[in-house]
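Values quoted throughout were computed directly from the atomic coordinates according to the rules given, and no laboratory measurement underlies them. Computed from a prediction, not measured in an experiment: that's the story for all the values here. Cβ: placed from backbone, ideal geometry, glycine included. Neighbour counts: every protein chain shown.
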């Protein structure tokens with residue numbers, strides 16, 4: 001299925017483009033996500049999904065397939081598998097950034113998604129509703145990180161690249177935030193100028209404050225509508241079995 005979402009962030013296109021090319025800045029804004037590691041071209045992490053009492057944890061990898069600095073478009077391929085074998089999810093996301101003004105950027109995300117397992121039973125309509133709410137939370141978190149109050153975060157992040165420090169983001173109005181609880185570890189590597197070893201950052205995993213994507217919370221009415229026939233059938237079966245048992249007694 002293909003889903004399309006558009007939102008704006010309160011920053012110039014250069015800063016927005018830099019953020020979309022840095023998984024440490026954008027990935028933890030995705031609800032239920034934990035970013036475990038990343039490099040220039042890929043990132044690894046998990047995404048938690050809940051359906052009432054059922055909890056699924058997708059572990060997977062995202063890879064940058066294309067980057068166009070001139071047109072400000074990026075294509076990311078992501079895929080994951082539930083840890084308990086209850087399904088898979090894969091998505092090809094095309095992000096396009098357009099400058100609205102010097103302080104505002106419009107972002108369009110087109111997602112070609114394939115889902116198998118339990119979440120797939122809800123169909124395109126419900127998944128579109130869920131996608132709208134997820135993107136809303138993502139945009140809110142990202143807007144907070146990239147807004148005027150993010151200047152200190154951006155400066156600290158730049159310093160982190162040189163010194164090996166990791167800086168958490170601020171909580172967004174949609175309930176998402178980046179948290180980095182533990183300090184990073186460092187490893188020695190040879191300097192390019194031959195001056196000796198230098199420290200390389202190995203940041204701790206960062207995660208969203210939204211623990212999991214709750215399908216019932218994100219698209220409660222459509223999901224419940226689909227569950228009503230199932231619940232009615234189960235109730236009818238229960239009544240029939242009770243009557244059969246009563247007759248046998």
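Here is how the numbers come out for the structure above:
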read-out: Cα centroid separation - region 89-116 against region 3-54, whole Å; value: 11 Å
read-out: Relative contact order (%) - criterion: Cα under 8 Å, at least six apart; region: region 5-71; value: 18 percent
read-out: Exposure proxy ranking, count of Cβ atoms within 10 Å, fewest first, for 51, 142; value: 51, 142
read-out: Largest-first ellipsoid semi-axes for region 39-81, taking √(5λ) over the Cα gyration tensor eigenvalues, angstrom; value: 29, 11, 7
read-out: Extended-chain gain in nm, criterion 0.36 nm per residue less alpha-carbon gap, residue 66 and residue 37; value: 8.5 nm
